[in-house]
Structures are given as structure tokens and as C-alpha cells.
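The values are calculated or read from the model by the stated rules, or taken from the named source; none is laboratory data. Fair warning: this is a prediction, and the values are worked out from it, not measured in the lab. With ideal geometry, Cβ positions are generated from the backbone for all residues, glycine too; neighbour counts draw on all protein chains shown. These accessible areas exclude ligands, DNA and RNA; they are computed on the full protein's heavy atoms, side chains included. Shrake-Rupley method; radii C 1.70, N 1.55, O 1.52, S 1.80 Å.
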Amino acid sequence: MQSNASKKAIIIGGGIGGVTAAIALQQAGFDVTVFERADELREVGLGAPVTMASVSTWRGDILADLRTEELLEQVGTINRVVHRAELLALLLEALGADKVQLGATCVGFTQDASGVCARFADGREVRGDVLIGADGLHSVIRAQLFGPSQPRYAGYTCYRGLAHISRTGLATWAWGKGYQVGITPMSKERLYWFAQLYAPEGAPDKAIGRKRELRELFHDWHDPIPEVIEATAESDILRNDIYESKPLRHWSLGRVTLLGDAPHTMTPNLGQGACQAIEDAVELGACLKAEPDIVTALKLYEKRRVRRTNMVAQLARLVGRVAQWEHPTVCGARNTIIKRIPVSLELKIMMWIIDYKP
């Protein structure tokens, strides 16, 4: 049986999921190379929206508060927000920059009983023992494995910003009528925030600019929302339409599998996109280390990951719909019901997400 030390792993995609997978497989003894189509490694964005410990109405009335001693005792903290670009830089430092090849656009693969061969747009072919498609929403590897599929527009767009502000204790997750806003602290006197609202797919920015538009939309929302938007530079406000992929029942075929957004692009309502990709990577490394046969290891990996990621994606979709209901009567009923949900049940759902152990 071939040892892991002589096995070569090909990873398509140099985002957080791909680089984490490279580290996990490197630790499992594989010779790893990451191929990224961009000319530089970067994460667009400031971090996915993160579920706050408390939920309020747009006026500031508390609907749910999970900042309990029981939760703090179990996990030590409510959440921790890391700038995506800073996280990617740390991961690359751990992996080694020499393990990443930039400007490498994968156009497909072939495989046989003894290995797999990745093909690139410049004519190159790279052979290895296993191939991981961590190439995102428009995954070339997924399309070849399971056929082309069109990502579904979720119906809303998301603004994300990084505010520089010295005030503390500003974390909030506020639900309005067709809108939601979340704020959470970061390091270096920074706050990450997002604002999500319904919009036609591909709708252009208004001529007044993103910051002014958001100021006008949220000027009467509870403190500190207007102040946080005001403390954000126009250039630090990003906007992305939100998409999700069709759930898959299987991720692997032979020596090829998927990871991260490639198999499970999800809406950002639980802040779990990058988190689930990291979980995928750790589990993949564990399976390939424990099981010497690659095909068997990949089947074990998808068995451990498919159901969980599909459930997280489904829950994120549901939370987005509920948080952004538009009809006033429905929103009033929603708020009343949320207030009556036992904290123990809310805690159980949260722990199922954040207390996962590979």
C-alpha cells in the first residue's frame, strides 16, 4: 500500500477552504499543491455575517438573548470575528507560499485507477493521487463531476462594511421589515457590520453612493446602527448579491471530491460559509490520514459532511427568510413567537452549529 508521504494532492482553489485543506492534507503526510486562477491570493470581503448573541427589532426591543452563563461555560465565547484577508494570510504562512501556484486556471480533469490529472488553460497537465475542487460557486470541478447547474439568486443583496470606532459593547443583530443589520466587534478598534435587503438581481448602485443610501435607509434604526454606518468610509463598503447552490447528495467520484462553496454555497445568515469550508478541510484531512485507500477515504469524508452542510445551508436560508419578512402583521407575529421560544431550545440549535467536533 502506498504511504501518504509519497501521495500527491492537487487542490483547485486558493481561498480559505482550499488553503485550509492543503494544511490538513500536508499534516496527513501528503505532498500538496494549490492551484489558484487569480494572479494574487486574496479574500474579497470582510467576513461573513455572524449570528449575534442577541436579536432585536429595528427599534432595539430584545427578541432573544443567548448571552447566558451556560453558553459561556461551554464554548468560552459567543463568537469570534476574523478579517477574511487576515485569516487567509495566516493560513498561507502556515502552509508555505511555495505550495501555491497562481495564475493557474483549471479547465477540467481526467482520472483512472492509478491517479488523477488536472488540466489547465495554458496546456499544462498535473498528475496526482487525489484532486479537491475548492473552486467556489462556479466550480469547474463540480460541473464536470455532476453536470452544470445555475446558482440560485436568494432575492437579496448584502452590504458589508468595516467601521473604525472606539466605542465598545456595540454588537447587535437587528431585524426590520425586509431588512436586517448585524454588527460585531473585531480587533484594532474595528467593527464588522452587514446590511441585507431585498433587491432585483444585478441591480446597480444608486448614484448617491452606497454609504449615503445606507444612511438614508437606516437613519432611524436603533443606536449604534446609524453611527456605525457613518464611521465607515465609502471605500470600505462592499456589496454582493447573495446566491446559493443546489444541494448535492454526493461530492465525490473516484479520486475527486469537492470542498467549501463548490458543493455547498450557502446564504450568509448564519455566518457559516467559511466556517463550514474549514470543517470540511479538517474532516477531509482526518479521513485521508485514517483510510489509506483514497476512494474509500473520500466516500467516508462525504458521508461525514454532506448531511451536516446541507442542514446548515437549509437553516441559513430559513433564518434569512424569517429575519427579512416584510409584511407588518407577519413581522409582529414573528417577534412575539421569537420572544416565547425557550432559551434552552435556542441554545441547543446554536450549540449544534458551533460545537462541532470532527
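Name the single residue, out of those in segment 3-22 being part of a helix (DSSP H, G or I) and under 18 Å from the mean Cα position of the chain (by Cα), that is surrounded by the fewest Cβ atoms within 10 Å (Cβ to Cβ).
Ranking the candidates gives ILE16 first.
Here's the yes/no breakdown for (1) out of contact with any Ser or Thr (no Cβ under 9 Å at 6 or more places or on another chain); (2) modelled with pLDDT of 95 or more; (3) aromatic (Phe, Trp, Tyr); (4) buried (at least 16 other Cβ atoms within 10 Å of the Cβ):
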position: LEU66; (1), (2), (3), (4): no, no, no, yes
position: GLU70; (1), (2), (3), (4): no, no, no, no
position: VAL75; (1), (2), (3), (4): yes, no, no, no
position: ALA97; (1), (2), (3), (4): yes, no, no, no
position: VAL100; (1), (2), (3), (4): no, yes, no, yes
position: ILE132; (1), (2), (3), (4): no, yes, no, yes
position: SER139; (1), (2), (3), (4): no, yes, no, yes
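Looking only at segment 270-293, count every residue that is at pLDDT 95 or above, assigned to a helix (DSSP H, G or I) and either small (Gly, Ala, Ser) or open to solvent by 10 Å² or more (accessible area, probe 1.4 Å) (or both) and tell me the total.
Selection size over segment 270-293: 9.
Quick one: what pairs do we get from segment 96-107, first residue in contact (Cβ under 8 Å) with a residue 60 or more places away in the chain, second assigned to a loop (DSSP other than H, G, I, E, B), C-beta under 6 Å, 6+ apart or different chains?
The qualifying pairs are VAL100/GLY14; LEU102/GLU36; LEU102/ASP39; GLY103/ASP39; THR105/ARG37; THR105/ALA121.
Just one of the numbered conditions (1) over 23 Å from ALA174 (Cβ atoms); (2) open to solvent by 10 Å² or more (accessible area, probe 1.4 Å); (3) not in a helix (DSSP H, G or I) is not true of ASP241; which one?
(1)
Identify all residues within segment 294-347 that are outside any helix (DSSP H, G or I) and open to solvent by less than 90 Å² (accessible area, probe 1.4 Å); write none if there are none.
Selection gives GLN324, ILE341, PRO342.
How about segment 158-182: which of its residues are modelled with pLDDT of 95 or more, buried (at least 20 other Cβ atoms within 10 Å of the Cβ) and of a type in the set (Ser, Thr, Tyr)?
Selection gives TYR159 alone.
Consider only pairs whose beta carbons are under 9 Å apart and that are at least six residues apart or on different chains; among these, list those whose first residue lies in segment 183-201 and is under 16 Å from TYR243 (Cβ atoms) and at pLDDT 90 or above and whose second residue is acidic (Asp, Glu) and open to solvent by 10 Å² or more (accessible area, probe 1.4 Å).
TYR198/GLU326; ALA199/ASP241; GLU201/ASP241
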